[in-house]
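Written below as structure tokens is the structure these notes are about.
The values are calculated or read from the model by the stated rules, or taken from the named source; none is laboratory data. Everything numeric here is computed off the predicted structure, so don't read it as measured data. Note that each Cβ is placed from the backbone with ideal geometry, even for glycine, and that neighbours are counted across all protein chains shown. When the accessible area is computed, the model is the full protein with side chains, heavy atoms only, and any ligands, DNA or RNA have been set aside. Shrake-Rupley method; radii C 1.70, N 1.55, O 1.52, S 1.80 Å.
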Amino acid sequence: MADRFFPNEMPNFIPETAAAEKLAEKAQDSLTKLLHLPYKNVAEKIQKSALVLKEKIVEETWVAKGKRVSDYSLYTGALGTAFLLFKAYQVSKDGNDLALCSEIISACDLASRGSGRVTFICGQAGVCALGSVVAMRIGNERLCDHYLAQFKEIKLPKDIPDELLYGRVGYLWACSFINKNIGQGTISSSKMRAVVDDVIRSGRKMAKGRCPLMYEWHGKKYWGAAHGLAGIMHVLMDVELKPDEVEDIKCTLRFMIRNRFPSGNYRSSEGSESDRLVHWCHGAPGLALTLTKAAKVFNSEEFLQAAVDAAEVVWNRGLLKRVGICHGISGNSYVFLALHRLTGNMKYLYRAKAFACFLHNRAQTLISEGIMHGGDRPYSLFEGIGGMAYLFLDMTEPLDTRFPAYEL
């Protein structure tokens, strides 16, 4: 099990005091020095690093490919580069980033047509949703209308699954993203309600009494964020629900809490006894984000405590030998940012800083030495250093951080 992560030898918490800053000055080890610096100083340092990484990512994923798109997805493709550029623009206000972002989205638009994929992370909905928001930011009303019209033409296949990456809630998240960033009602509540009805109906049918809602993807009843219960519950909490649906979500979350491993980690799928994965896609990190959201939405101490428990698993076993957002240190860092945002507890902000410091200080070297996995698509948003760059930029304003394409 331990071969999947680095032992976390960093202090549990370092308060920001003058004494800590003096220790930073005296520290011989560069990671120790970073850990003792105030958050603001670290955020400024990693932001500079992120902007350098962004240029490298654009070169490798766009320029070196002749400005042509084969993989248009947010997950591993060109739309992930566009999403990173949009974040860079939000942080630095560099109009060149926004213009290039729009150019890449336009190429993704052409590549995505007729793909049959309908979600934000892996489908055409992501291209149209991000395209409309970026066009609005540029002030191009015609282009915004074009992307919205394309979005509204997307049809969900009858045999579509329910999960986040390829299924109904991945489309539903795109609807919520548009409504948040362009205006409520841009995608009608009736259109979204029809999707919610299908998701709830499907979950109740599959559950068969063990818990209120259950879903299947490729023959497995997954629990995690990418393909299972955690992701589906997370997206459903963004939409208006009926009282019985709220109870179904609460009871489904309680079912997972009751049946977690003794270690505090969560199963990757129903019936799995393999307590190995501590990823956003499978395991405690994805559950921690969903439970943190449930604590806020339902004003629940029960769900907050469960989120805190899951975050301890992430702190102890989440310093993964992978860099990315989906199954790496970058994604796991968002657990602490979400809890800090909800609770104001500085311990969680420190822990997010600690994971980011580890990445900033060691990731590139460890990847070059073959000790750390840089991702099968090493410059992508969800697998590679694109996710690390996004995290570094996101931490500039910690109260505004959001796990990309998951937290609204």
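As a rough guide to protection, the peptides 219-225, 122-128, 398-404, 340-346 ranked by mean Cβ packing within 10 Å, highest first, stand as 122-128, 219-225, 398-404, 340-346.
The smallest convex shape that holds all Cα atoms of segment 224-280, its convex hull, gives 78 Å³ per residue. Its residue count N sets the reference 2.2 N^0.38 Å, and the alpha-carbon radius of gyration of segment 65-222 equals 1.10 times that reference. For segment 179-265, the share of alpha carbon pairs falling in successive 10 Å distance bins from zero is 15, 47, 27, 9, 1 percent. For segment 1-92, the alpha carbon convex hull comes to 161 Å³ per residue, rounded to a whole number.
Taking the chain as a Gaussian network of alpha-carbon nodes connected by springs under 10 Å, the highest mean-square fluctuation of the residues Phe255, Phe358, Phe303 belongs to Phe255.
Our analysis of the chain gives Rg over Rh at 0.96, with the two radii drawn from alpha carbon positions and Rh computed by the Kirkwood formula. Solvent-accessible surface of segment 195-351, taken per residue with a 1.4 Å probe and all protein chains present: 35 Å². Note on segment 281-335: the C-alpha convex hull projects to 3.3 nm² when averaged across all orientations. In segment 123-198, the inverse of the mean reciprocal separation of distinct Cα atoms equals 12.5 Å; this is its Kirkwood hydrodynamic radius.
Springs between Cα atoms under 10 Å define the GNM used for the chain, and in it the highest mean-square fluctuation of Gly328, Gly66, Gly77 occurs at Gly66.
Across segment 322-393, Cα-Cα distances exceeding 13 Å account for 60% of all pairs.
Heavy-atom accessible area for Trp280, with the other protein chains in place and a 1.4 Å probe, reaches approximately 0 Å². At q = 0.23 Å⁻¹, work out log10 I(q)/I(0) for segment 245-317 with the Debye formula, treating every Cα as an identical point scatterer and leaving solvent out; two decimals please. With no solvent term, the Cα-only Debye profile gives -1.00. For the residue pairs Lys180/Lys353; Lys54/Lys353; Lys180/Lys293, alpha carbon separations beyond 22 Å are given by Lys180/Lys353. Sites counted here are GluC sites (Glu not before Pro) in a DSSP loop (not H, G, I, E or B) having no more than 14 other Cβ atoms within 10 Å; the longest part of the chain that contains none of them is 10-152.
In what order, largest first, do Phe298, Phe151 sit by accessible area if the probe radius is 1.4 Å?
On the way: Phe298 40, Phe151 0 Å².
The residues order as Phe298, Phe151, largest area first.
Once the Kirkwood radius over Cα pairs is known for segment 282-408, the Stokes-Einstein relation at 37 °C and 0.692 mPa s delivers a diffusion coefficient of 229 µm²/s. Within the accessible area of the chain, the carbon and sulfur atoms contribute 49%, probe 1.4 Å, all protein chains present.
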